[in-house]
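Input: a single structure, listed below in structure tokens.
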Ligand code: SF4
């Protein structure tokens, strides 16, 4: 694609709401100016959200076990079952963490653990039902698609069957976490024991078809090629079309390389922001694009200028903290940086299950 012609054609497509191609998105990432990328991403954002406004909520990720048999080389969190420093939180220990979040004003918990070989479907459905009973005013992302797949395989039951079991016990959300880069060559290099891409989408389809909500995620900054990143975006856009918009949001964050077998360096902020803009432009069927305070702290708020409209204020997440993330509880300072960028921010209620809708204020 030649520069002058390429950007003119893309501008016209974005202006008229026409979908950009894979080649055009890759070209934008490699060649567009920062100002051009911001302008195009902001234009797509404005199809869904008023310019100058953003939303957030405060949440914790509760890592209820660090036992995992998947062996992802980018993970600093997991321990094998026979290692001495493993843990599995009891119900009361889980509740202590939720109480800590509530004391900080949080309204949502995302549960995330490893692939624990001894925990069956009923362990999870029982735990989550008790948690919902004790905290009826809170929202819970109860596990990730990756964990769901492991639990189903361990039980030798189909994804449909297990999704129905979770839904019948009251589970509302199983998020798209554990996606990293959804490309089979990437998966083979770094986490061959986790899943294959089509399997991931089969599980996510079962979750949505059982009436639960799910989300889309991506992590960049390992050793993935641009082609692998584009495979992730292309397949995700197609899945969201097939799912008639039922994935409520998309969150991209950056790999933290510390204390991992893979190692490496963190993606520079500018690369993260440019990629976020490409995601917003390419994923024209996802309403909420979220920027990652968890891995970029207040710098993440700049993502609002690059197409994002929403973010979390996280209070804890052992998985990323073990790999080098630092979580600040200076929430007002983070929110002030949104103001400095020209955004007014609204604390929102958790998104409802179903096709992405406008955020509503927290009660
Ligand atoms: S990323 Fe998740 S699945 Fe992979 S080793 Fe870590 S805890 Fe296990």
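Data table
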read-out	value
Positions within segment 82-104 being in a loop (DSSP other than H, G, I, E, B), within 21 Å of residue 124 (Cα to Cα) and under 24 Å from the mean Cα position of the chain (by Cα), in sequence order	89
Subset of segment 89-100 (residues that are touching a residue at least 60 places away in the same chain (Cβ under 8 Å) and either closer than 15 Å to residue 142 by Cα or within 16 Å of the ligand (Cβ to nearest atom) (or both))	97
Meets criteria (within 16 Å of the ligand (Cβ to nearest atom), over 22 Å from the mean Cα position of the chain (by Cα) and surrounded by 20 or more Cβ atoms within 10 Å (Cβ to Cβ)) for residue 182	no
Every residue from segment 190-213 that is more than 13 Å from the ligand (Cβ to nearest atom) and touching a residue at least 60 places away in the same chain (Cβ under 8 Å)	207, 211, 212, 213
Whichever residue in segment 318-363 is within 16 Å of the ligand (Cβ to nearest atom) and closer than 14 Å to residue 300 by Cβ and, among such residues, is surrounded by the most Cβ atoms within 10 Å (Cβ to Cβ)	320
Residues satisfying the stated conditions in segment 55-76, i.e. under 18 Å from residue 118 (Cβ atoms), near the ligand (Cβ under 6 Å from one of its atoms) and buried (at least 21 other Cβ atoms within 10 Å of the Cβ)	68
Filtered residues of segment 101-148 (kept if within 22 Å of residue 86 (Cβ to Cβ), more than 16 Å from the ligand (Cβ to nearest atom) and touching a strand residue (DSSP E or B) at 6+ places or on another chain (Cβ under 8 Å))	109, 128, 131
Test for residue 50: is it surrounded by fewer than 16 Cβ atoms within 10 Å (Cβ to Cβ), away from the ligand (no atom under 16 Å from the Cβ), over 21 Å from residue 273 (Cα atoms) and over 20 Å from the mean Cα position of the chain (by Cα)	no
So residue 152, is it within 16 Å of the ligand (Cβ to nearest atom), within 18 Å of residue 68 (Cβ to Cβ), over 21 Å from the mean Cα position of the chain (by Cα) and touching a residue at least 40 places away in the same chain (Cβ under 8 Å)	yes
Those residues of segment 138-164 which are in contact with a helix residue (DSSP H, G or I) (Cβ under 9 Å, 6 or more places away or on another chain), outside any helix (DSSP H, G or I) and more than 16 Å from residue 120 (Cβ to Cβ), in sequence order	138, 140
From 220, 174, residue being within 25 Å of residue 71 (Cα to Cα), under 17 Å from the mean Cα position of the chain (by Cα) and surrounded by 21 or more Cβ atoms within 10 Å (Cβ to Cβ)	174
Among (1) touching a helix residue (DSSP H, G or I) at 6+ places or on another chain (Cβ under 7 Å); (2) buried (at least 18 other Cβ atoms within 10 Å of the Cβ) - the single one residue 249 does not satisfy	(1)
Tally of residues being surrounded by fewer than 17 Cβ atoms within 10 Å (Cβ to Cβ) and part of a helix (DSSP H, G or I) across segment 105-131	5
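Any read-out appearing in this document is the output of simple, stated calculations on the displayed coordinates, not a laboratory observation. Only a predicted model underlies this, so the values are computations on that prediction, with no experimental measurement involved. Backbone-built Cβ (ideal geometry, glycine too); neighbour counts: all protein chains shown.
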